[in-house]
1. Return the calculated 222 nm mean residue ellipticity for the chain, to the nearest 500 deg cm²/dmol, obtained by summing -39500 (n - 2.57) across DSSP H runs with n ≥ 4 and dividing by the residue count.
2. Rounded, prolate or oblate: which one fits the chain, using the alpha carbon gyration tensor with axes a ≥ b ≥ c (rounded when a/c is under 1.5, else prolate when a/b beats b/c, else oblate)?
3. Ordered by residue, what ³J(HN,Hα) values in Hz, to whole numbers, does the stretch 134-151 give under the Karplus form 6.51 cos²θ - 1.76 cosθ + 1.60, where θ = phi - 60° and Gly and Pro are x?
4. For residue 212 paired with residue 126, estimate the spin-label separation in nm (one decimal), with each label point 7 Å from Cα along the Cα-to-Cβ line.
5. How large is ³J(HN,Hα) for each residue in the stretch 154-170, as worked out from phi by the Karplus curve 6.51 cos²θ - 1.76 cosθ + 1.60 (θ = phi - 60°), to whole Hz, x for Gly and Pro?
6. Quick one: if you stick a label point 7 Å off each Cα along the C-beta vector at residue 106 and residue 229, how many nm between them?
7. Based only on other Cβ atoms within 10 Å, what is the fewest-to-most ordering of 245, 240, 11, 166?
8. Could you run the Karplus curve 6.51 cos²θ - 1.76 cosθ + 1.60 with θ = phi - 60° over the stretch 120-132 and give me ³J(HN,Hα) per residue in whole Hz, x for Gly and Pro?
Amino acid sequence: MTSRRFPWRRVPGYAFLTVFALFSVFPLYFMLVSSTNSTREVLGSRLTPGGHFIDNLVALTTQQDLGAAMISSSLIAIGTTVLSLIVCAIAGYGFEIYHSRGKDVVMAILMLAMMIPFAAIMIPLFRIFAQLDMVNSLFAVIIPSIATPLLILLFRQASRSFPYEVIEAARIDGLKELSIFARIYVPTMKSTFAAAAVITFMASWNNFLWPRVILLDNAVQTMPMLIANLTAGYVTDYGVLMLAVLLTSLPTILIFLILQRAFAQGITGAIK
């Protein structure tokens, strides 16, 4: 038997990755630890858990309506994700599968729309929803985010790897276009749907500017708005603030951990 030599050449690379991983994880660790400490301990950069978690939780639920904020953020994020997957998947599928002279022009217009900052269209959007009497409505937050050029492009790129011969065979067998999309295309593109779901859910959950503009009542505030309210006073309780940030971060972390493998496959498949 031949003894394997220790790969000394890889030690610098592993050391660099270890240090980089520690720097990446440290903010999450500090956020977790700080949620159990008092304001003085947080400002003193204490790096060990404390005994103020319950006190911070009681103060948070007393100062803000935590349950309503979680429900509002969940409804907005889930509703936006589901509707975006349906609309953008159909659009991306149509852009690639159906041939038309004008589709490339429409796609170019969508790509140009990505360059327009949201602040430029925020006032016209607010006036539209105000005329529709949809201020303080969660639908006013969901509707502008349903069809995004990024997701349409993601599904279009992924559809290029979908075998067109399968569609032709399904048409010969008598399947309608909607059945082909739902029964053949969707199951084949599970990884792309997972990647799009992660991107959309995170963006919708962390969205702050538009909900802050259209949701004027604190009864329908989202979690990012709740965090902003905690910093609006003269004195900020950083223990309570860190706890709110931790609770806000947990759903996106869980979604990413659950779908991380499919997310990586969906992104690489779209790039190819």
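Only the coordinates and a few stated rules stand behind these numbers; no lab work does. Computed from a predicted structure; not experimentally measured. Neighbour counts are summed over all protein chains in view; Cβ atoms, including those assigned to glycine, are modelled from backbone coordinates with ideal geometry.
1. Rounded to the nearest 500, the figure is -22500 deg cm²/dmol.
2. Oblate.
3. So the J values, rounded to whole Hz, are 10, 5, 6, 9, 5, 5, 5, 7, 6, 4, x, 9, 5, 10, 10, x, 4, 5.
4. Distance between label points: 1.2 nm.
5. Once θ is set to phi - 60°, the couplings for the stretch 154-170 become 4, 5, 5, 5, 5, 5, 5, 8, 7, x, 5, 4, 5, 5, 4, 5, 5 Hz.
6. Taking the two extended label points, one gets 4.2 nm.
7. 11, 166, 245, 240
8. 6, 10, 5, 5, x, 4, 4, 5, 5, 6, 5, 5, 7
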